[in-house]
Each structure stands twice: as C-alpha cells, then as structure tokens.
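Read the figures in this text as sums done on the coordinates, not as results from a lab. Just so you know, these numbers come straight off a predicted model, no measurement behind them. A quick note on method: Cβ atoms are made from the backbone with ideal geometry, for glycine too, and the neighbour counts reach across all protein chains shown.
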Amino acid sequence: MSDDGHQKDGHEHVPSRQRRRFPGISSRAYEHPADRSALVALRKLSGFDTVFKALSGLLPERSLRLLFLSDSVRVSDRQFSHLNDMLRDACYILDLEKVPPMYVNQDPQPNAMCIGLDEPIIVVTTGLVELLDEEEMRAVVGHEVGHALSGHAVYRTILLFLTNLALRVAWIPLGGVAVMAIVTALREWFRKSELSADRAGLLVGQDLQASMRGLMKLAGGNHLHEMNVDAFLEQAEEYEAGGDLRDSVLKILNTLPRTHPFTTVRAAELKKWAASRDHQRIMDGHYPRRDEDTDTSVTDSFRESAAHYAGHVRSSKDPLMKLVTDIAGGAGDLGSRVRRGFGGFTGGAGGSSDGPKPGPANGSGDEPGDAPSRDRD
C-alpha cells in the first residue's frame, strides 16, 4: 500500500503516514493482565461450559452474517472505502492474515463491536463514523481488530445474546441466578478486555492524542473545542481518589451492570501504558510472537496477573483499596477506621446505635444508554 495520502469524497485514504508494523505479534503483547486473569476465572465458572455449548449450537455463524448482510452496509472498496482502507491497514499492522468483514449499521448511538462464533465480524454505527475524525476512527478500527486477534469475539457474542435474549429463554438448563452469575462474570471480563483492545488501537493508530480525543468524544460528544485532555484525565484521578468508603462501594455498584469501563478510566489506563517500558519495547520490535504462544507458561501468566493486582492495590488511592492494604499490613483499630470511612452512613465513629442514614446517591448503576446494545466502542 502506498504511504501517500489522497482525498476522495472528503476522506483521507490510509495510510496517510508511515507506521510501524508488527509481524507475527501475539495478542499477549498488548493484553492487559487483568484481561487474562478475568477470562481464566470466567472459563472456570460453574455452568459456563453448558451455556457456551448451548448457545453455540443455537446461534450458527451464518445467522449473524445474514443479519448484517441484509440490514447493514458492508464495507468494501465501493462502500465506505475509507473504512475499508483503515481495516486493511489495521490488519496489516497487527499481521492479522484474514481481514474480517466489517459493516456499518444505522444507529445514532456511537458504538462498535467485534462479534462472531466461528469468525469475527466488526460492526460500527453511523453515530460513531460521524463522530470521529480519521485518526480517531483508525484507533477504533485497530481496537476492534485487536479484539479479533485476541479471540474476544466469541465471548462478546455470548454476552450479547445472554443479556438480550437468553435470559428470557426457558430452555436454558440453568437457574436464573446461575445465568446472572455468568453474565456478571462475562461483564467483568469484557471490561478488562476493553483495556487490552484500547492498547491494540494505539498500536495501530500510533497516535496517543487521537486515542485520547476519541475517548473524550465518547464521553462528551463532538465538542473538542470545549474539552481538554489534561482536565479529562484529572477527572479519572478524582474518581479514583475521591470520597470515602461509601463512595468506593457505590463505584462497584455503578460498574457491575456495565460491559465497558468508564471512559475517563480507559483514558488514564491507556496513557499510563503508552508511557511504559512495555509499550516502548513493542514499538522497538521486541514483543511476544504468535509462534511462541504454545510455549507460554500458564504459571507465568498467573504470576503476572497477580503482580498487577498487587501493584494496583498498593498504588491505588481509592479508600477501599487503601483499607485493603492496611488490613494486609496489620493496621490496628480497624472497626473505628471503617466507621470513619463510611462517615454518617454507619452512624459515625462514636459507635452510635442509629441506623444507616441513606445518602442521595443511587447505587443501581442504571444510566441512560447503558444497555449492552449501546455500549460504546
């Protein structure tokens, strides 16, 4: 492909500049440690294999392809050609040999997903295409190709159908509580997998500012002149460190119904990885290769995940994480510290017998547009 950009129908064709390519790169190179450990936990969840096999038999690959073929626009040299160029470029950079089919679906809600049981299919909405500029969209396409390379499409499809269909189907050979446990575990994994795919998007776009702009637009719309990257990242810092133990619990409750991490959190995580030695080594050509995947030690992967979580707990400014660290360190007077942490929610540090005083916050996590079908990117 040529490295010279040119204009056609108002779009700049790719690649508009030289980008590094990563021949034979393994998805292990960019996968977040929390992604790997959450997926292992999901696979070990009781009943998951049963649901997985049942849905795999009920939802043949052909039905998904026919659905999008009949009611969406397939990206090609003749339709959305600028997206087709981006897709081919992303697959070239990450060395994904088979380019997955890509569709544009009419939906004003900005969204993108990579689904499929046998082979991945990438779907982007018109709302997303209209919201993002060329470089921002390139990062999103790379994000979805990263999902495909990591094999995430299968589990994303299971989550999609469980939340939108299977919970209302009586033949599932599990009780409702068990199904909800699987949905919760799937959501926990998918939130972590998004952090991995964001890294893949950065490897493809190789423009951190474009990735940041795209995430800001997902949070605040097409008003970049009103937004600032540094201020946006400060929100993530405030979210992480602010409040007391009550706020920490509410954060957990707000997160549980979602399949995607909060946008400010994604931006902060991506910026931190972009500045890391791991990212620099990949850019220098030193990364795990696919042909080495079979030799990868599961024990080493577990150790890496455990080290990540331990480091996260130690460095976290969240009040609950600080409490966990103090407990592990043998901090004394734990009861009074918990009471102080929750403030008036527990009746105060003096041990008052008054009942809990509910605050105005709603911990249900329900937000407009937060249904699985509207998850962003």
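Observations on the model:
- From phi via Karplus (6.51, -1.76, 1.60), per-residue ³J(HN,Hα) for segment 275-285 in Hz, x at Gly/Pro: 8, 7, 5, 4, 5, 5, 5, 4, 5, 7, x
- Mean Cβ count within 10 Å, highest first, over the residues of peptides 81-90, 264-273: 81-90, 264-273
- Measuring against 23 Å, Cα to Cα, the residue pairs Lys98/Lys217; Lys44/Lys271; Lys98/Lys272; Lys192/Lys271; Lys44/Lys192; Lys217/Lys272 contain Lys98/Lys217; Lys44/Lys271; Lys98/Lys272 as the ones spanning a longer distance.
- Gain upon complete extension [Val73, Thr294; 0.36 nm per residue less C-alpha separation]: 75.8 nm
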